[in-house]
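The values are calculated or read from the model by the stated rules, or taken from the named source; none is laboratory data. Predicted, not measured: the structure shown is a model, and the values here were computed from it. FYI the Cβ positions are ideal-geometry reconstructions off the backbone, even for glycines, and counts take in every protein chain you see.
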């Protein structure tokens, strides 16, 4: 069920009607659960087995972890007086090992399924001469696996209690607006919202619909138009000149942002209709002043997930604690460089590991590994060499807090991001290298007219880009205030913009017979 | 309370503005303009219950028949409710459709849409849309769209979905708006007539088909739709329908197979008590010159059109007693204008043919302005 189809809109309307008229208030969440599974079955019943398996294993693991934790606490309380400090420490360690084992089994099973389906053919052909298999990726497997495994880790850490109701957990795993492309939810913030019965609110409906409209504008007018050009180039990548390839990468930057953020806006808009606030996944990423800042603004939920469940465990692991201690106590550790390195080494290495995994998450191809490593290396180097850059700024009397420098930083960061995008847009790693060679050899625009976008299409793209830019500048200046809040204070402008958004999407949108409706980019993950 | 009132009014205004925007765009801008849209649209602008004979069929009819000439010679009104590549699946809908605004004494169905070698056109949205896109919204239109053998039915119900990409053709957009405004509530002058002023070489020898009763089966779904229509006519006691075949240059190969399928159709149609006339057999009677009166094997040019119209008009009068229509002064004047412009059109096309120009002149504002100045 494509988000851009009339069936989807009808589906939302029906589900909303049923939800808000459901007579058993405390069981309203069952409407969302039913809708989620209906949505999932629409894509193919055979995929449902995987999400059910994940749900069941997640549920059982969380219950067991919860039980083990509670039993351990009970035992500790009972034997508080009898046990010595050593015995208590030993018992705690044993409990922790057991919990870790249980959690690991669940993580290995679920991530194993994801890894097998996503990466078997890649490893089979890249490293071993094994036959490839006809494998399919169930809808949203990356997203719901990460979301549910995050929950398992949270139960292990005892930051959230285990959900006793398997049906409620099933809703958390399968909540339909976010199944296709996130955002990846955290149990703590999402679950309460899912299970709490919400009353109909005009404000929620209005906000949700407006956000959806904005999402459809970005997706249908901008993203799907830009992808026509990108596809026509990648269909015959070798013959494209450097100028065309550079333009393609720039278009890709626009298309990827419009597609992904547009999809997330639709997702969040749908959720908001039901009174559920999903976390933001984008905050004007191309305004980032550093790569780290970029990843705090782009696919925020993925970044947060990796931060909570990979970055901190790696950075704060015993291994790095020992290394940093060694550095600090060494001769080198007495120098200013040594002091700096001993502080930032764990986070630098952890960043590299995280971004390697981010690359791998994106897909089974060396180009994605390169994409991830590129970002990781940049962050690692910039973290390690920060004192050097600060020193240079001081020596050159560069005022780092003024507008000109910040704009320079934005352009610099955007250029670095574009390098990563070259790996994304090229069909494979070798063609990514070919792209750099062609761009920097200034080999011209080739026959521009052979690529499938007219001058008017480019005009629409440019106008759309200006619209996004202006709204982004307004939001950035108003420190993160939602555009809807800003517009709600100007009702006439608000309604006029809504009409223009509808009209522009209907006229300029890429939809209908004769157009190949492009799937959301992140749906493939 | 005031907040709720304001909010309700705002929502209603937005809905009205959006619906109005889509409706106006669909009506005036985002539609496909060609001879089919002008012809089908034009039918609905005819005065109610003023048409004596309606013709169904495909391009053979609009190329081979002139309603203006028929009125001039015999005094009855007629209209070709035809589209390029018409299909058997649409005939019943078309019959019901014309009944909404007209009550013709005779419906003549040119049978070409029943004679295709296969059922491919059944799902060809280009051809289906030539009819469906131009039907006004009605119960019949909804039923027709729902019964189409075509997946994207919603875009047939709302053509805006298909044609919104037309905004890129800015000059075309201007022409579409101009033509819609020009024809708004105005009956067409040429009554759907169109022709080609070029010529496709007459290669191959014609086959003698006189008394040839060879049959070839109709395409499966086509036969199903034919029988369905005949059953519909029978059960509704419809007796003002006649099946005809306009004259073609029948040669070895596909055109002969088509002729053979026409024989099969003849048998089926007659078994239901309806009449069928194959005017392939009357080429000499019409005085048609197979070299000079056709622009290709299947279509008459304007010279052939005039001969065919003269013959067919007399056929309607003699066989079906189609008498001279008693029109009011205003209607009579409009039909007289049609006659006038028909002859101007013949002259114009004659000049184009003699100058070797390959044109497809059909009624639009620019052509009428051109004919007006003659």
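Look at residue B:374 and say whether it is surrounded by 14 or more Cβ atoms within 10 Å (Cβ to Cβ) and touching a residue at least 12 places away in the same chain (Cβ under 8 Å). Give the derivation first.
Details: surrounded by 14 or more Cβ atoms within 10 Å (Cβ to Cβ): no; touching a residue at least 12 places away in the same chain (Cβ under 8 Å): yes.
So residue B:374 fails the test.
Can you report the number of residues in the stretch A:461-498 which are at the interface with another protein chain (Cβ under 10 Å from one of its Cβ atoms) and loosely packed, with under 15 Cβ neighbours inside 10 Å? First the steps, then the outcome.
As a first pass, look at the stretch A:461-498 and keep what is at the interface with another protein chain (Cβ under 10 Å from one of its Cβ atoms): A:491-492, A:494-496, A:498.
Now drop any that are not loosely packed, with under 15 Cβ neighbours inside 10 Å, which leaves A:491-492, A:496.
Here the count works out to 3.
For (1) at pLDDT 90 or above; (2) more than 14 Å from chain A (Cβ to nearest Cβ); (3) touching a strand residue (DSSP E or B) at 6+ places or on another chain (Cβ under 6 Å), each residue gets a yes or a no:
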{"position": "B:184", "(1), (2), (3)": "no, yes, no"}
{"position": "B:188", "(1), (2), (3)": "yes, yes, no"}
{"position": "B:197", "(1), (2), (3)": "yes, yes, no"}
{"position": "B:216", "(1), (2), (3)": "yes, yes, no"}
{"position": "B:223", "(1), (2), (3)": "yes, yes, no"}
{"position": "B:234", "(1), (2), (3)": "yes, yes, no"}
{"position": "B:238", "(1), (2), (3)": "yes, yes, no"}
{"position": "B:243", "(1), (2), (3)": "yes, yes, yes"}
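One residue is enough: does the stretch B:137-152 have a residue meeting the conditions free of Cβ contacts under 8 Å to residues at least 60 places away in the same chain, out of contact with any strand residue (DSSP E or B) (no Cβ under 6 Å at 6 or more places or on another chain), within 14 Å of another protein chain (Cβ to nearest Cβ) and surrounded by fewer than 16 Cβ atoms within 10 Å (Cβ to Cβ)? Even if it seems obvious, please write down each step before you answer.
Within the stretch B:137-152, the subset free of Cβ contacts under 8 Å to residues at least 60 places away in the same chain is B:137-148, B:150-152.
Filter once more, keeping what is out of contact with any strand residue (DSSP E or B) (no Cβ under 6 Å at 6 or more places or on another chain): B:137-148, B:150-152.
Filter once more, keeping what is within 14 Å of another protein chain (Cβ to nearest Cβ): B:145, B:148, B:150-152.
Cutting the leftovers down to surrounded by fewer than 16 Cβ atoms within 10 Å (Cβ to Cβ) gives us B:151-152.
Within the stretch B:137-152, one or more residues are free of Cβ contacts under 8 Å to residues at least 60 places away in the same chain, out of contact with any strand residue (DSSP E or B) (no Cβ under 6 Å at 6 or more places or on another chain), within 14 Å of another protein chain (Cβ to nearest Cβ) and surrounded by fewer than 16 Cβ atoms within 10 Å (Cβ to Cβ).
Take the residues in the stretch A:124-146 that are assigned to a helix (DSSP H, G or I) and without any contact (Cβ under 8 Å) to a residue 40 or more places away in the chain; name whichever of them is nearest to residue A:191 (Cα to Cα). So that I can check it myself, show each step before the final result.
Initial filter on the stretch A:124-146 (assigned to a helix (DSSP H, G or I)): A:124-126, A:141-146.
Add one more test, that the residue is without any contact (Cβ under 8 Å) to a residue 40 or more places away in the chain, and what stays is A:124-125.
Working: A:124: 39, A:125: 41 Å.
Restricting to residues being assigned to a helix (DSSP H, G or I) and without any contact (Cβ under 8 Å) to a residue 40 or more places away in the chain, the top hit is A:124.
Looking at the stretch A:150-171 only, could you name the residues that are under 16 Å from the mean Cα position of the chain (by Cα) and surrounded by 24 or more Cβ atoms within 10 Å (Cβ to Cβ)?
Selection gives nothing.
Residues that are in a helix (DSSP H, G or I) and more than 14 Å from chain A (Cβ to nearest Cβ): does the stretch B:46-53 have at least one?
Looking only at the stretch B:46-53, we keep the residues that are in a helix (DSSP H, G or I), and these are none.
No, the stretch B:46-53 contains no residue that is in a helix (DSSP H, G or I) and more than 14 Å from chain A (Cβ to nearest Cβ).
Going by the conditions given, is residue B:25 surrounded by fewer than 13 Cβ atoms within 10 Å (Cβ to Cβ), modelled with pLDDT under 95, within 10 Å of chain A (Cβ to nearest Cβ) and in contact with a helix residue (DSSP H, G or I) (Cβ under 8 Å, 6 or more places away or on another chain)? Full working, then the answer.
Values: surrounded by fewer than 13 Cβ atoms within 10 Å (Cβ to Cβ): no; modelled with pLDDT under 95: yes; within 10 Å of chain A (Cβ to nearest Cβ): yes; in contact with a helix residue (DSSP H, G or I) (Cβ under 8 Å, 6 or more places away or on another chain): yes.
No.
Quick one: how many residues across the stretch A:172-224 are assigned to a loop (DSSP other than H, G, I, E, B) and within 18 Å of the chain's Cα centre (by Cα)? Write out each step before concluding.
Start the filter on the stretch A:172-224 by keeping residues that are assigned to a loop (DSSP other than H, G, I, E, B), which leaves A:175, A:180-186, A:196-201.
In the following step, the residues that additionally are within 18 Å of the chain's Cα centre (by Cα) were identified as A:175, A:180-186.
Adding up the residues that qualify gives 8.
Give, as residue ranges, the helices (runs of 4 or more DSSP H) completely inside the stretch B:294-374 that count at least 2 residues that are closer than 21 Å to residue B:54 by Cα and under 22 Å from the mean Cα position of the chain (by Cα). Explain how you work it out, then say what you get.
Details: elements: B:302-320, B:329-354, B:365-372.
The helices (runs of 4 or more DSSP H) meeting that bar are B:302-320, B:329-354.
Do the conditions hold for residue B:128, that is, is it surrounded by 20 or more Cβ atoms within 10 Å (Cβ to Cβ), within 21 Å of residue B:87 (Cβ to Cβ) and within 13 Å of chain A (Cβ to nearest Cβ)?
Numbers: surrounded by 20 or more Cβ atoms within 10 Å (Cβ to Cβ): yes; within 21 Å of residue B:87 (Cβ to Cβ): yes; within 13 Å of chain A (Cβ to nearest Cβ): yes.
Yes, satisfied.
Is the stretch A:499-519 home to any residue that is more than 14 Å from chain B (Cβ to nearest Cβ) and either closer than 25 Å to residue A:180 by Cα or modelled with pLDDT under 85 (or both)?
The initial filter retains those residues of the stretch A:499-519 that are more than 14 Å from chain B (Cβ to nearest Cβ), namely A:518-519.
Then drop every residue that is not either closer than 25 Å to residue A:180 by Cα or modelled with pLDDT under 85 (or both), which leaves A:518-519.
Yes, there is a match, as at least one residue in the stretch A:499-519 is more than 14 Å from chain B (Cβ to nearest Cβ) and either closer than 25 Å to residue A:180 by Cα or modelled with pLDDT under 85 (or both).
In this structure, does residue B:41 turn out to be more than 10 Å from every other protein chain (Cβ to nearest Cβ) and surrounded by 20 or more Cβ atoms within 10 Å (Cβ to Cβ)?
Numbers: more than 10 Å from every other protein chain (Cβ to nearest Cβ): yes; surrounded by 20 or more Cβ atoms within 10 Å (Cβ to Cβ): yes.
Against the criterion (more than 10 Å from every other protein chain (Cβ to nearest Cβ) and surrounded by 20 or more Cβ atoms within 10 Å (Cβ to Cβ)), residue B:41 qualifies.
Can residue A:418 be described as assigned to a loop (DSSP other than H, G, I, E, B) and either away from every other protein chain (no Cβ under 14 Å) or out of contact with any strand residue (DSSP E or B) (no Cβ under 8 Å at 6 or more places or on another chain) (or both)?
Numbers: assigned to a loop (DSSP other than H, G, I, E, B): no; either away from every other protein chain (no Cβ under 14 Å) or out of contact with any strand residue (DSSP E or B) (no Cβ under 8 Å at 6 or more places or on another chain) (or both): yes.
Here the answer is no, as residue A:418 does not meet what is asked.
Residue check, residue B:20 against (1) in contact with a helix residue (DSSP H, G or I) (Cβ under 7 Å, 6 or more places away or on another chain); (2) more than 8 Å from every other protein chain (Cβ to nearest Cβ); (3) part of a helix (DSSP H, G or I), all met but one. Which one?
Here residue B:20 clears every test but (1).
Which residue out of A:238, A:341, A:266, A:276 is surrounded by 16 or more Cβ atoms within 10 Å (Cβ to Cβ) and at pLDDT below 85? Write out each step before concluding.
Working: A:238 fails: surrounded by 16 or more Cβ atoms within 10 Å (Cβ to Cβ); A:266 fails: at pLDDT below 85; A:276 fails: at pLDDT below 85.
Among A:238, A:341, A:266, A:276, only A:341 is surrounded by 16 or more Cβ atoms within 10 Å (Cβ to Cβ) and at pLDDT below 85.
Tell me the residue from A:443, A:449 that is surrounded by 15 or more Cβ atoms within 10 Å (Cβ to Cβ), over 27 Å from residue A:361 (Cβ atoms), more than 14 Å from chain B (Cβ to nearest Cβ) and at pLDDT below 75, please.
On the way: A:449 fails: surrounded by 15 or more Cβ atoms within 10 Å (Cβ to Cβ).
The match here is A:443.
Hey, can you tell me all the residues within the stretch B:195-218 that are on the phi > 0 side of the Ramachandran plot and exposed (fewer than 10 other Cβ atoms within 10 Å of the Cβ)? Outline the logic, then answer.
Pass one, the stretch B:195-218, residues on the phi > 0 side of the Ramachandran plot: B:204, B:211.
Passing the criteria: only B:211.
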